Amino acid sequence: MERNDFEPLFAAVPGSPPVEWVVSDGLVDYESAIAFMEARVAAIAEGRAAEMVWLLEHPPLYTAGTSADSKDLIEPDRFPVHATGRGGEYTYHGPGQRVGYVMLDLKRRKQDVRAFVAALEALVIGTLDQMNIKGERREDRVGVWVRRPEKPRLTDGSMAEDKIAALGIRLRKWVSFHGFSLNVDPDLSHFGGIVPCGITAYGVTSLVDLGLPVMMSDVDILLKAAFEAVFGPVVSRPPAAISGLPSGNALSAVPA
């Protein structure tokens with residue numbers, strides 16, 4: 001069964017509380033974010049906290065997933081490198097990229113990892129669709145891709161494609177953490193220090209690179225609508241209302 005064949009809805013069982021939706025300003029330290037996620041996932045698994053989606057930005061850094069190959073880290077001294085428990089290989093996070101940490105209890109939804117990945121892809125595809133961008137899945141590579149007919153064709157004659165969103169998840173007691181990253185307006189040259197997700201044949205792009213000079217806050221509105229269409233209702237919470245949530249530092253110039 002291919003991911004395009006999965007039912008796009010991934011709603012919780014009737015009577016479940018809405019997912020808490022939190023948006024942080026500034027740049028959030030990566031290790032602090034992971035520590036918060038670990039604690040929150042444990043609390044969700046134990047029934048002490050509601051499911052949560054946390055939108056944020058990180059300072060420039062690379063992360064190495066459980067399948068990362070060291071040869072794909074081309075410039076190991078360019079930015080900090082963090083080993084992480086999510087699936088996948090190397091990826092980049094930085095200013096201008098919307099990271100979504102998705103902490104959901106799949107026992108209330110579907111205990112099916114591939115269906116969950118397909119649902120996250122549907123979330124991103126639905127967000128892009130609201131901006132008239134056609135995002136697509138590829139069975140041989142996780143994430144969301146856009147065709148680039150204006151670029152030279154690949155060596156096999158196929159159309160060029162660029163990745164606009166990466167996905168990487170981990171489950172603990174059927175509660176998810178990590179999630180997705182959508183390129184809004186990051187410095188695309190920062191991806192040059194790695195082979196993103198171990199894939200050399202395709203490039204990376206962003207909304208701004210595709211000719212959409214959108215604000216991050218506008219993208220957040222579209223993400224929220226697309227999330228509710230796939231996963232069900234949310235309730236917005238200010239960061240100050242979430243115990244232990246790391247605060248972001250002011251956005252500032254970053255090294256090239």
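The values are calculated or read from the model by the stated rules, or taken from the named source; none is laboratory data. Quantities reported herein were computed from a predicted structural model and do not represent experimental measurements. Don't worry about glycine lacking a Cβ; one is built from the backbone with ideal geometry, like all the others, and counts go over all protein chains shown. To get the accessible areas, we keep the full protein, side chains included, count just its heavy atoms, and leave off ligands, DNA and RNA. Shrake-Rupley method; radii C 1.70, N 1.55, O 1.52, S 1.80 Å.
If you build the Cα gyration tensor of the stretch 23-132 and take the root of 5 times each eigenvalue, what three semi-axes come out, in whole angstrom, biggest first?
Square roots of five times the eigenvalues give 24, 18, 16 Å.
Skip the ligands, DNA and RNA, and give the accessible area per residue of the stretch 203-250 with a 1.4 Å probe, whole Å².
Value returned for the stretch 203-250: 51 Å² of accessible area per residue.
How many percent of DSSP beta bridges within the chain run antiparallel, rounded to 5?
Expressed as a percentage, antiparallel bridges in the chain total about 70.
Any idea what log10 I(q)/I(0) is at q = 0.15 Å⁻¹ for the stretch 41-80, Debye with uniform C-alpha scatterers and no solvent?
-0.63
Using packing as a proxy for protection, rank 7-13, 25-31 so that the peptide with the highest average count of other Cβ atoms within 10 Å comes first.
Ranking the peptides 7-13, 25-31 by packing returns 25-31, 7-13.
May I ask you to list the residues of the stretch 154-171 whose amide nitrogen lies under 12 Å from a point 7 Å from Cα along the Cα→beta-carbon direction of SER67?
Output list for this probe position: 167-169.
Among the lysines, which fall within straight-line cross-link reach of LYS107, defined as a Cα-Cα distance under 16 Å, with same-chain neighbours fewer than 8 residues apart omitted?
The reachable lysines, counting only those whose Cα sits under 16 Å from LYS107, are LYS173.
Can you tell me the accessible area per residue over the stretch 21-155, all protein chains present, probe 1.4 angstrom, in square angstrom?
That works out to 40 Å² for each residue.
Tell me the GluC sites (Glu not before Pro) within the stretch 84-142 that lie in a loop according to DSSP and have at most 10 other beta-carbon atoms within 10 Å.
Listed in order of number, the matching sites are GLU139.
Using heavy-atom solvent-accessible surface (probe 1.4 Å) with all chains present, what is the largest-first order of THR84, THR127?
Greatest to least solvent exposure: THR84, THR127.
Carbon and sulfur: what percent of the chain's accessible surface (1.4 Å probe)?
54
Hey, in the GNM for the chain with a 10 angstrom Cα cutoff, which one of VAL208, VAL117, VAL53 fluctuates hardest?
Judging by the Gaussian network model, the answer is VAL208.
Using a Förster distance of 30 angstrom, determine the FRET efficiency expected from the C-beta separation of VAL214 and LYS173, and round it to 0.05.
The value I calculate is 0.20.
Can you sort LYS110, LYS134 by solvent-accessible area, 1.4 Å probe, largest first?
Ranked list, largest accessible area first: LYS134, LYS110.
Name the lysines eligible as straight-distance cross-link partners of LYS71: C-alpha to C-alpha under 17 Å, and not fewer than 8 places from it in the same chain.
LYS71 reaches no qualifying lysines.
Checking the a/c ratio against 1.5 first, then a/b against b/c, what shape does the Cα gyration tensor give for the stretch 78-150?
oblate
Return, ordered by residue number, the residues of the stretch 86-116 whose backbone nitrogen is under 16 Å from a label point located 7 Å along Cα→Cβ of ASP129.
The answer is none, because no backbone nitrogen lies closer than 16 Å to the label point.
Debye calculation, C-alpha points only, no solvent: report log10 I(q)/I(0) for the chain at q = 0.07, 0.11, 0.15, 0.17 Å⁻¹, in the same order as the q values.
Scattering profile of the chain, log10 relative to I(0): -0.22, -0.56, -1.10, -1.46.
When the chain is modelled as a GNM with alpha-carbon springs shorter than 10 Å, which of VAL214, VAL144, VAL22 fluctuates the most?
Among VAL214, VAL144, VAL22, the largest GNM mean-square fluctuation belongs to VAL214.
Please enumerate, by chain and number, the lysines with C-alpha under 22 Å from the C-alpha of LYS134, excluding those fewer than 8 residues away in the same chain.
LYS151, LYS163, LYS224
Using a Förster distance of 25 Å, how high is the FRET efficiency between VAL113 and HIS82, based on the Cβ-Cβ distance and rounded to 0.05?
Result of the calculation: an efficiency of 0.60.
So what is the calculated 222 nm ellipticity per residue for the chain, using -39500 (n - 2.57) for each DSSP H run with n of 4 or more, over all residues, to the nearest 500 deg cm²/dmol?
-6500 deg cm²/dmol
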